[in-house]
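A.B. asks: One structure, pasted below without further comment.
Any read-out appearing in this document is the output of simple, stated calculations on the displayed coordinates, not a laboratory observation. Everything numeric in this text was worked out from a predicted model, so none of it was measured. Cβ placement follows ideal geometry from the backbone for every residue including glycine, while neighbour counts extend to all protein chains displayed.
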């Protein structure tokens, strides 16, 4: 654990306990001030824990596994709060398009977005840490680009996109590669627990926010097929400090 002798960076704070990590001792150091501050910090931390404000909490999910193909039986979502675990998602804005790295964490700061002119239809692809948007021959609108990107999984396109400033219907503008920034943390996992297996579904995510994770049906094949009627479970895992959310049970597995 990092020392309290120095001001902590956001990255260092992210690795500390969700409940206690944001509390720091008062200065100057006097016994009375430190004891009072410690008691106040403990009270605040326990309140956070009791109110489920200290870390990721899953309220409910609509995930149903299929015994036949070991995938989700349909598109689904996980709902709750604190899914980003106090971490931040890197982002980059190019004219009237904002691109947000889906997973929180510092890894997103190495990504970039490039918009080029094409001679055919609109296409988007991610390779070598760069999202390349190739505009159609007749140009592509901001809304069209956002829709194309958001329809793909994290494993295919690391970003989500949105048109801003009310200019969704405007044609996008060509731009050289621009780097994303602002990502803090080591990332998160969405773990499906079944018997001795633990499968991470986060790379299937269509969108990730602090309150919702959306998943398609055609995602990861889990390690082993759960029996029809069995009830697997899921948890959110904070890779920064190892903390886990509460356990949320899935609906019974179908054939």
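A.B. asks: Have a look at 142, 95, 128 and tell me which one the Gaussian network model of the chain (Cα, springs below 10 Å) gives the largest fluctuation.
C.D. replies: Highest fluctuation among the options: 128.
A.B. asks: Apply the a/c threshold of 1.5 to the C-alpha gyration tensor of the chain and tell me whether it is rounded, prolate or oblate.
C.D. replies: Here the chain falls in the oblate category.
A.B. asks: Based on DSSP H runs of at least 4 residues, each adding -39500 (n - 2.57), what is the mean residue ellipticity at 222 nm of the chain after dividing by all its residues, to the nearest 500 deg cm²/dmol? Write down the numbers at each step before the final one.
C.D. replies: On the way: 3 runs with 34 residues, N = 255.
Computed ellipticity for the chain at 222 nm equals -4000 deg cm²/dmol.
A.B. asks: On a full-extension model of 0.36 nm per residue, what is the gain between residue 249 and residue 196, subtracting their alpha-carbon distance, rounded to one decimal in nm?
C.D. replies: Numbers: separation 53, 0.36 × 53 = 19.08 nm, distance 1.57 nm.
That pair, residue 249 and residue 196, stretches by 17.5 nm at full extension.
A.B. asks: How far is it, in nm, from the label point at residue 174 to the one at residue 64 when both lie 7 Å from their Cα along the line to the Cβ?
C.D. replies: Those two pseudo-labels are separated by 5.0 nm.
A.B. asks: Which of rounded, prolate, oblate describes the range 91-179, given a ≥ b ≥ c as roots of the alpha-carbon gyration tensor eigenvalues and a/c under 1.5 marking rounded, otherwise prolate only if a/b is larger than b/c? Walk me through the numbers before you get to the answer.
C.D. replies: Details: a/c = 1.65, a/b = 1.41, b/c = 1.17.
It comes out prolate by the Cα gyration axes.
A.B. asks: Turning to a different aspect of this structure: Calculate the FRET efficiency for residue 34 and residue 139 from the Cβ-Cβ distance with a Förster distance of 45 Å, rounded to the nearest 0.05.
C.D. replies: About 0.10, to the nearest 0.05.
A.B. asks: Still on this structure, I have one more. If R₀ is 41 angstrom, what is the calculated FRET efficiency for the pair residue 167 and residue 51, using the beta carbon separation as r and rounding to 0.05?
C.D. replies: 0.50
A.B. asks: Between 167, 200, 238, find the one with the highest GNM mean-square fluctuation for the chain; connect C-alpha pairs within less than 10 Å.
C.D. replies: 167
A.B. asks: Would you please classify the overall shape of the range 34-121 from the alpha carbon gyration tensor, given that a ≥ b ≥ c denote the square roots of the eigenvalues, rounded means a/c under 1.5, and beyond that prolate means a/b larger than b/c while oblate covers the rest?
C.D. replies: oblate
A.B. asks: Using a Gaussian network for the chain with springs between C-alpha atoms less than 10 Å apart, which of these wobbles most: 120, 55, 86?
C.D. replies: 120
A.B. asks: Roughly how large, in nm² to one decimal, is the mean projection of the convex hull of the alpha-carbon atoms in the range 158-217? It would help to have the intermediate numbers written out before the result.
C.D. replies: Numbers: hull surface 28.4 nm².
The number I arrive at for the range 158-217 is 7.1 nm².
A.B. asks: Next question. Expressed in nm to one decimal, what extension gain is obtained for the pair residue 43 and residue 93 from 0.36 nm per residue of sequence separation less their Cα-Cα distance?
C.D. replies: 13.9 nm
A.B. asks: Can I ask one more? So how tilted is helix 31-50 from the main axis of the chain? Cα-based, degrees 0 to 90, rounded to 10.
C.D. replies: Once rounded, the angle reads 50 degrees.
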